[in-house]
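Quick notes on the structure that follows.
The values are calculated or read from the model by the stated rules, or taken from the named source; none is laboratory data. Only a predicted model underlies this, so the values are computations on that prediction, with no experimental measurement involved. Cβ atoms come from the backbone with ideal geometry, glycine included; neighbour counts cover every protein chain shown.
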Amino acid sequence: MGRRLLLVNYLHADESFERKVAAEHGAHLDIFRPAGGKPSEVPAGIAAEAEGLISYSAVQKIALPPEAFPKVRCVLRSGVGYDTIDGAAWGARGIPVFNVPDYGTSEVADHAIALMLALTRGTAAYHDAMRRDPVKNWTYTVAPTVRRLRVSTFGVVGLGRIGLAAARRAQGFGMDVVFHDPYQPSGFELATGLKRARTLEDLLKVADVVSVHTPLSPETTGLLGAKAFAAAKPGLVVVNTARGPIVDLDALHDALKSGKVAAAGLDVLPKEPAEANHPLIRAFVDREEWLEGRFTLSPHAAFYSPDANDDLRRKTIETVLDHIETGSLSNCVNLHQLRRG
């Protein structure tokens with residue numbers, strides 16, 4: 001038997017893709033799905049034999065602690081976000097944690113722009129209005145947040161791969177682009193030709209649209225909250241295709257209700273699936289008049305296209321096997337936490 005990989009919180013309907021990729025590399029897979037909204041339960045004997053550990057869920061953690069996997073040589077979160085993996089705990093055991101950061105870059109950037117357009121060009125509002133009454137609502141006035149993009153400023157929070165891709169797309173609409181990212185080195189703004197805001201508040205003071213592309217961490221949880229919205233330029237459009245908890249949903253509800261935020265397009269929520277009783281979600285579903293045309297929601301789907309999905313599934317298996325076979329640390333997200341020696 002070849003290398004043994006353990007796949008937990010597995011979400012795909014059909015396992016044949018992963019098994020085909022693994023077979024090409026002579027590897028064996030043990031696959032476990034989550035059940036009842038809880039992380040996968042894995043027999044101790046199988047956990048003890050795994051050399052590579054992969055978790056698929058963006059919201060569920062690995063049920064067992066690192067010490068339950070004595071032979072594991074690396075851990076991977078099948079996706080971009082890795083906040084469900086305890087990088088410090090694995091790093092303390094000398095185990096690298098990986099993600100797959102590049103599989104859906106184009107799709108997420110496209111989706112961010114699509115959410116912006118749905119609100120600033122009114123396509124979502126027009127669609128809903130036409131479906132309700134294509135005669136009575138045959139008027140441009142049913143879309144409340146339409147604006148000219150060519151004279152607008154696109155603000156990016158987190159200028160990594162996806163943030164930069166979204167910025168380039170916004171430039172294609174003639175928008176001025178400003179970014180805030182304290183982790184990009186000095187001079188990065190010169191290399192990209194984009195304007196840099198020293199603080200988030202500085203960004204929000206000038207942005208007509210703000211698009212979130214930062215990872216989720218203790219530092220970024222609630223980053224766009226009441227304080228941030230209070231500092232924002234009136235009429236702000238908020239777009240989030242990163243991680244739900246980065247935007248404080250209660251604060252967003254209040255900012256939309258007061259009119260401080262003009263509109264919001266979300267692909268992610270602090271709790272997924274959506275909490276039907278949250279005031280913002282309830283107002284959206286009930287089509288409360290104050291929110292009509294000002295809010296659009298998609299089901300954590302920005303990453304998805306058939307091509308991106310295939311890339312993700314293949315790179316997930318191959319990244320783990322590449323580390324096991326060669327020691328490669330490409331796309332390691334806890335490099336600074338690894339215990340050496």
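Working only within segment 199-221, note down all residues that are among the hydrophobic types (A, V, I, L, M, F, W, C) and either within 15 Å of V156 (Cβ to Cβ) or part of a strand (DSSP E or B) (or both).
Residues satisfying the conditions are L200, L203, L204, V206, A207, V209, V210, V212.
Confirm whether A242 is buried (at least 18 other Cβ atoms within 10 Å of the Cβ), aliphatic (A, V, I, L, M) and modelled with pLDDT of 95 or more.
Yes.
Suppose we keep only residues that are among the β-branched types (V, I, T) and touching a Phe, Trp or Tyr at 6+ places or on another chain (Cβ under 9 Å) within segment 178-205. Which one would you say is farthest from S217 (Cα to Cα)?
Among those residues, the one meeting the criterion is T192.
Residues of segment 132-188 being within 15 Å of A109 (Cα to Cα) and of a type in the set (G, A, S), which ones?
If the condition is that a residue be within 15 Å of A109 (Cα to Cα) and of a type in the set (G, A, S), then G155, G158, G160, G163, A165, A166, A167, A170, G172 are the ones that fit.
Being touching an Asp or Glu at 6+ places or on another chain (Cβ under 9 Å), part of a loop (DSSP other than H, G, I, E, B) and over 20 Å from R161 (Cβ atoms) is the filter here, so list the residues in segment 222-238 that pass it.
G222, G225, A232, K233, G235
Test of understanding: among T120, T84, which residue is among the hydroxyl-bearing types (S, T, Y) and in the same structural domain as L164 (by TED's automatic domain parsing)?
Of T120, T84, the one residue that is among the hydroxyl-bearing types (S, T, Y) and in the same structural domain as L164 (by TED's automatic domain parsing) is T120.
Of all residues in segment 294-341, count the ones that are of a type in the set (D, E, K, R) and within 16 Å of G79 (Cβ to Cβ).
The qualifying residues number 7.
Give segment 89-108 a look and list any residue that's out of contact with any Gly (no Cβ under 8 Å at 6 or more places or on another chain) and hydrophobic (A, V, I, L, M, F, W, C), or say none.
A89, W90, A92, I95, F98, V108
Could you list all residues from segment 315-341 that are at pLDDT below 95 and under 13 Å from A92 (Cβ atoms)?
Those that are at pLDDT below 95 and under 13 Å from A92 (Cβ atoms): H336, Q337, L338, R339, R340, G341.
Please enumerate the residues belonging to segment 261-275 that are surrounded by fewer than 19 Cβ atoms within 10 Å (Cβ to Cβ) and either farther than 22 Å from G81 by Cα or of a type in the set (D, E, K, R) (or both).
Residues satisfying the conditions are K271, E272, E275.
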